[in-house]
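Q: Sharing a structure here in structure tokens format.
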Amino acid sequence: MRPARGAVASLLLSLIGAALSGYLYFLHVGLLRGEFLGGAACGGSGVFNCHAVTGGPLGSFLGMPLALWGILGYLSVFALSLLAQQSAEWALHAVTLTALLALVFVGIDVALLGLMAFVIRFYCLFCLLTYAVNLALLFVAVRSLGRPWPDALRQAGAAAAALIPSRARPAAGLFWGMMLLAVSGAVGLEAATTFLSQGPGGAMQTQIREFLSKQLRASVEIAGDPTIGSPTAGLQIIEFSDFFCPACQRASKLNTILIANHRRDAAFTFKHFPLDTACNSAIGHMMHPGACAVAAASECAHQQGKFWPFHDLVFEKGRLYNVALVEEDARRLGLDVSRFQACLKSGEGMEAVKRDIAEGNKWKIASTPTYVINGVVVPGGFNPSTFEAVVTILREKR
């Protein structure tokens, strides 16, 4: 493959990569607004969850989302591909630099894939597609060089020197002008997005700090409750929740992001506070009929080590979940149905739910979801950036 033809292929691949990265940034902006965009491909059940991968601190570098860094990387390849159209010499320089950039991209991809596999434990489908684009870029650029790697590396210095602007190389000035425009646009876009979601610099942290200073301190009993993570973890997150609460259904998606990005330093515990007068006499009127029954069923699933699969199954449908199907779902999840039925009939599951309700009443829990983070009661939900700000401030107080 000739360098000029390889540059055209690289241009097309850079546009595909930029579109994928742009979509990932769109998901990032949605998370800042508390929206889980992208459908099942981004936040469904199973191992694929773009929100868990991109929504936490591991999804950013130097304060900017990795998606924006990806856009900048692809724009640099795009600019090089345009330079390649100037002459055969420029085509060779551009393809050489594209090969080096693609090699760097692939190296970063390997590191990020390791984070997904071993730290976050979720995969981002659209991230994996950008990895495929980067491999294709590397393949195309290497084929276009038409020479062994050592020779190509020796030409890298000359290729980079060709990008130094001068009167003899006006095209190099065009390249840097495009890159300056791209960097300025990316930084400006992220600054505007941050301002719209968090206000002026430091304003959100100030408001959160003031809010937390007024919140109740609680020492919640969690022995025997379903927990993910170590009981001795430095970050203890407890959620009082209701399976039929729409806000809790959204919070369950956020919890996945929190857990995925804090597996090494956090523990997450689920406690029941159904807004159903059938078991919760503390609420003034019935809000979520059937929530007590589902909560009791989840505790019977917990007895057999299946609380979290049951939790995910119910929250997938939320208020639309059919309480009459609990036994059928227990069978689908692999529970011993006879033991499950005995737990429900004996009232063991309901007793566990009522213990959680009593604990919630003790600490004046009045709505769901309500979190207790390192002993501080925080009613309402979060978005990922707000949660990280809360955690940072609470850690300052230790």
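Q: For the stretch 50-87, name all the residues that are surrounded by fewer than 23 Cβ atoms within 10 Å (Cβ to Cβ) and in a loop (DSSP other than H, G, I, E, B).
A: Within the stretch 50-87, Gly56, Leu62, Gly63, Gln85, Gln86, Ser87 meet the criteria.
Q: Same structure, new question: Determine which single condition Gly305 fails, assuming it passes every other condition in (1) assigned to a helix (DSSP H, G or I); (2) open to solvent by 10 Å² or more (accessible area, probe 1.4 Å); (3) closer than 18 Å to Leu344 by Cα.
A: (1)
Q: May I pose another question? Which condition breaks for Arg263 when tested against (1) within 27 Å of the chain's Cα centre (by Cα); (2) crowded, with 23+ Cβ neighbours inside 10 Å?
A: Here Arg263 meets the rest and fails (2).
Q: Any residue at all in the stretch 188-195 that is farther than 20 Å from Gln86 by Cα, surrounded by fewer than 11 Cβ atoms within 10 Å (Cβ to Cβ) and either among the hydrophobic types (A, V, I, L, M, F, W, C) or modelled with pLDDT of 90 or more (or both)?
A: yes
Q: Also, quick follow-up: So, in the stretch 327-367, exactly how many residues are of a type in the set (A, V, I, L, M) and surrounded by fewer than 18 Cβ atoms within 10 Å (Cβ to Cβ)?
A: Summing the residues that are of a type in the set (A, V, I, L, M) and surrounded by fewer than 18 Cβ atoms within 10 Å (Cβ to Cβ) in the stretch 327-367 gives 5.
Q: When you scan the stretch 125-145, do you find a residue that is free of Cβ contacts under 8 Å to residues at least 40 places away in the same chain and of a type in the set (Val, Ile, Thr), even just one?
A: no
Q: Residue by residue through the stretch 161-174, note down the ones that are of a type in the set (A, V, I, L, M) and open to solvent by 50 Å² or more (accessible area, probe 1.4 Å).
A: Ile164, Ala168, Leu174, listed by residue number.
Q: Output the qualifying pairs, or none if there are none: Cβ atoms under 7 angstrom, residues six or more apart or on different chains, first residue in the stretch 359-384 and without any contact (Cβ under 8 Å) to a residue 24 or more places away in the chain, second residue assigned to a loop (DSSP other than H, G, I, E, B).
A: Going by the 7 Å Cβ cut-off, the qualifying pairs are Pro379/Ser367.
Q: Still on this model: Would you say Cys300 is in contact with a Gly (Cβ under 6 Å, 6 or more places away or on another chain), assigned to a helix (DSSP H, G or I), open to solvent by less than 10 Å² (accessible area, probe 1.4 Å) and not small (Gly, Ala, Ser)?
A: yes
Q: In the stretch 271-285, how many are open to solvent by 60 Å² or more (accessible area, probe 1.4 Å) and farther than 17 Å from Trp363 by Cβ?
A: Selection size over the stretch 271-285: 4.
Q: Output the residues belonging to the stretch 21-30 that are open to solvent by less than 10 Å² (accessible area, probe 1.4 Å) and either over 26 Å from Thr98 (Cβ atoms) or outside any helix (DSSP H, G or I) (or both).
A: Leu27, Gly30
Q: Within the stretch 288-296, can one find any residue that is touching a residue at least 60 places away in the same chain (Cβ under 8 Å) and over 29 Å from the mean Cα position of the chain (by Cα)?
A: Among the residues of the stretch 288-296, at least one is touching a residue at least 60 places away in the same chain (Cβ under 8 Å) and over 29 Å from the mean Cα position of the chain (by Cα), which makes the answer yes.
Q: Separate question: In the stretch 4-20, is there at least one residue being in a helix (DSSP H, G or I), touching a His at 6+ places or on another chain (Cβ under 9 Å) and either charged (D, E, K, R) or under 20 Å from Pro384 (Cβ atoms) (or both)?
A: No, every residue in the stretch 4-20 fails to be in a helix (DSSP H, G or I), touching a His at 6+ places or on another chain (Cβ under 9 Å) and either charged (D, E, K, R) or under 20 Å from Pro384 (Cβ atoms) (or both).
Q: Moving on. Only residues that are open to solvent by 60 Å² or more (accessible area, probe 1.4 Å), closer than 15 Å to Ser385 by Cα and in contact (Cβ under 8 Å) with a residue 12 or more places away in the chain: list them for the stretch 197-233, please.
A: Of everything in the stretch 197-233, those that are open to solvent by 60 Å² or more (accessible area, probe 1.4 Å), closer than 15 Å to Ser385 by Cα and in contact (Cβ under 8 Å) with a residue 12 or more places away in the chain turn out to be Gln205, Arg209.
Q: Please count how many residues of the stretch 299-341 are within 21 Å of Ile259 (Cβ to Cβ) and either among the aliphatic types (A, V, I, L, M) or touching a residue at least 60 places away in the same chain (Cβ under 8 Å) (or both).
A: Qualifying residue count, the stretch 299-341: 12.
Q: Among all residue pairs at least 6 apart or on different chains, which show Cβ distances below 7 Å where the first residue, located in the stretch 50-71, is at pLDDT below 90 and the second is among the small types (Gly, Ala, Ser) and buried (at least 19 other Cβ atoms within 10 Å of the Cβ)?
A: From the stretch 50-71, the pairs are Gly56/Ala260.
Q: Moving on to the next point. Within the stretch 88-123, work out how many residues are within 25 Å of Val29 (Cβ to Cβ) and either in contact with a strand residue (DSSP E or B) (Cβ under 9 Å, 6 or more places away or on another chain) or open to solvent by less than 10 Å² (accessible area, probe 1.4 Å) (or both).
A: Of the residues in that region, 5 qualify.
The values are calculated or read from the model by the stated rules, or taken from the named source; none is laboratory data. Here the structure is a predicted model, which is why all the values come from computation and not from measurement. Note: ideal-geometry Cβ built from the backbone for every residue, glycine included; neighbour counts use all protein chains shown. Ligands, DNA and RNA are excluded from the accessible area calculation, which covers all protein heavy atoms including side chains. Shrake-Rupley method; radii C 1.70, N 1.55, O 1.52, S 1.80 Å.
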